[in-house]
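Input: a single structure, listed below in structure tokens.
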Amino acid sequence: MAHDQKLEIFRGLLKFKSNTQKIWGVLIFLSIVTAVEVVLGIYKPHALTHSYFLGMKLLNWIFIILTLVKAYYIAWDFMHLRDEKTALRRAIVWTPIFLVAYLVFILLFEADYVYNVYKDGFIKWNF
Amino acid sequence: MDSTVTTGTGEENVWGGGNQPLGASYGKMMMWFFIVSDALTFSGFLAAYGFSRFKFIETWPIADEVFTHVPFFHGNYPMIYVAFMTFILIMSSVTMVLAVDAGHKMKQNAVIWYMFLTIIGGAIFVGSQAWEWATFIKGDYGAIETKGGRILQFVDAETGERAALADFSKIIPSERTEHERKNGVWFYDEGSRPSFSLDEVREGFLANPSILIRTEAILQEGEKSGEKTLLTREQSLEKIKDGKIVVQGANLVRNEYGSRLFADFFFFITGFHGFHVFSGVVINVIIFFNVILGTYERRGHYEMVEKVGLYWHFVDLVWVFVFTFFYLV
């Protein structure tokens, strides 16, 4: 794979001269994203913790989206998925995404139901 | 990159073996299959964590208040050390990918150095995790557990800060006979006990009017929503009667931070991840020596470095998710 590496990220917005430069560029990007996460995690801006979207705090949405962004760049550039054949890449990426989305949906829905049983049912837990 | 699959030149070659329709060697494919299955295992753990958390959404501990320590520094620094660990792991991922890159160019010395740095980064991470575990197990403020298994923490009303048991507990002199091995056939040792008895904490609490009780319940509305409920002195005096056990630190049965499952998941998920980092370091060391011995130089390619690199990046990838779901959200 030494000669056919794709050297651009952000859909071609940023092009690097060599693979080494691309690696450092991705590192800087990942560090910035992590720094943003940590700063938000420490200060927890009131505007983000008190507004909700689809039942979840905006801050948590931001954290999850930034995590997926980081995961994308780790997989695409560090694990060279960008240079693999499309079929291999899709087999690797979509299989877990489908299964995990399914599992998370089921478990979180069930957990919310159990929460409501504890809350409204006749179960004493706070004693 | 070709968008179509090449199946060789003639009919007999299709089934003749040696085809790589996905453009990846057997070893690399198997590493990817392993990574996908391992990713599903970790997802199962994290989804189970989400299940328990949603189940106890109004009483779950707040991670910012649990992980506040930095080695060699006193004080309250939430998130800082975990952010440092994250950065170390990303950094070692970068040196790993640089090693792979140097391998493509057949630069043996560069591969040796980058592998070495990767191993150092992994060792720092595992060490940090061990320290984090030790701090978590030791605990810092201490708490009281009620009959129903709820955790009651203490706050100093004057400063608004958490109050440690040692700050207000009264030392009541008492005699205690230690159970010994010679007195019981099946008895080994007593294990660890909290530094204060329930009576000492209770008496100290009654004698200090500024100490209030903080319950697990997270306020759902109002200006302070998102914070734990702070009882008034009258409510606290009533609540302390429910106390049954003094809890300091954490183990698999109970912990001073709140929900029992919180510590269980912490040990299980970060432990499983730490085990991956540890095994990754071991595999990296093996490959490191192979590079020094010139094994891959003789073989003509450094694909083995790329394969362990995949595993190493996967460990980093998992940590990104553990970081988010355990420490941030």
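Nothing in this text is a laboratory measurement; each read-out follows from the coordinates by a stated rule. Keep in mind that what you see is a predicted model, and the values were worked out from it rather than measured. We place every Cβ from the backbone using ideal geometry, glycine too, and count neighbours over all the protein chains shown.
Per-structure values
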{"quantity": "Percent of Cα pairs exceeding the 14 Å cut-off, where the set is region B:173-225", "calculated": "74 percent"}
{"quantity": "All-pairs Cα distance distribution in chain B, expressed in whole percent, bin size 20 Å", "calculated": "25, 42, 24, 8, 1"}
{"quantity": "On Cα atoms only, tilt of B:80-104 relative to the major axis of chain B in degrees", "calculated": "10 degrees"}
{"quantity": "Distance between region B:167-231 and region B:119-166 - C-alpha centres, whole angstrom", "calculated": "14 Å"}
{"quantity": "Three-way shape call for region B:23-122 based on the alpha-carbon gyration tensor, with the a/c threshold at 1.5", "calculated": "oblate"}
{"quantity": "Dipole magnitude (debye, nearest 20) for region A:1-84, charges at Cβ of Lys, Arg, Asp, Glu", "calculated": "220 debye"}
{"quantity": "Two-site FRET efficiency, B:Phe73 against B:Thr41, from Cβ-Cβ distance with R₀ of 51 Å, rounded to 0.05", "calculated": "0.90"}
{"quantity": "Overall dimensions of the protein assembly as shown as given by Cα atoms, namely Rg and Dmax in Å", "calculated": "26.3, 92"}
{"quantity": "Residue with peak Gaussian network fluctuation, chain A [Cα springs, cutoff 10 Å], from A:Arg90, A:Arg11, A:Arg82", "calculated": "A:Arg11"}
{"quantity": "Pair-distance profile P(r), taking every C-alpha pair of region B:71-159, with 10 angstrom steps and integer %", "calculated": "15, 28, 23, 17, 10, 6, 2"}
{"quantity": "Flagged links, alpha-carbon separation over 22 Å, of A:Lys57/B:Lys228; B:Lys107/B:Lys307; A:Lys85/B:Lys28; A:Lys124/B:Lys55; A:Lys124/B:Lys138", "calculated": "A:Lys124/B:Lys138"}
{"quantity": "Semi-axes of the equivalent ellipsoid for region A:1-69, Cα gyration tensor, largest first, Å", "calculated": "33, 13, 8"}
{"quantity": "Length added when fully stretched, A:Val104-A:Lys15, from 0.36 nm per residue minus Cα-Cα", "calculated": "28.4 nm"}
{"quantity": "Gyration tensor verdict on chain A (Cα atoms; rounded if a/c is under 1.5, prolate if a/b is larger than b/c, oblate otherwise)", "calculated": "oblate"}
{"quantity": "Over chain A: helical MRE at 222 nm, DSSP H runs n ≥ 4 each giving -39500 (n - 2.57), nearest 500", "calculated": "-21500 deg cm²/dmol"}
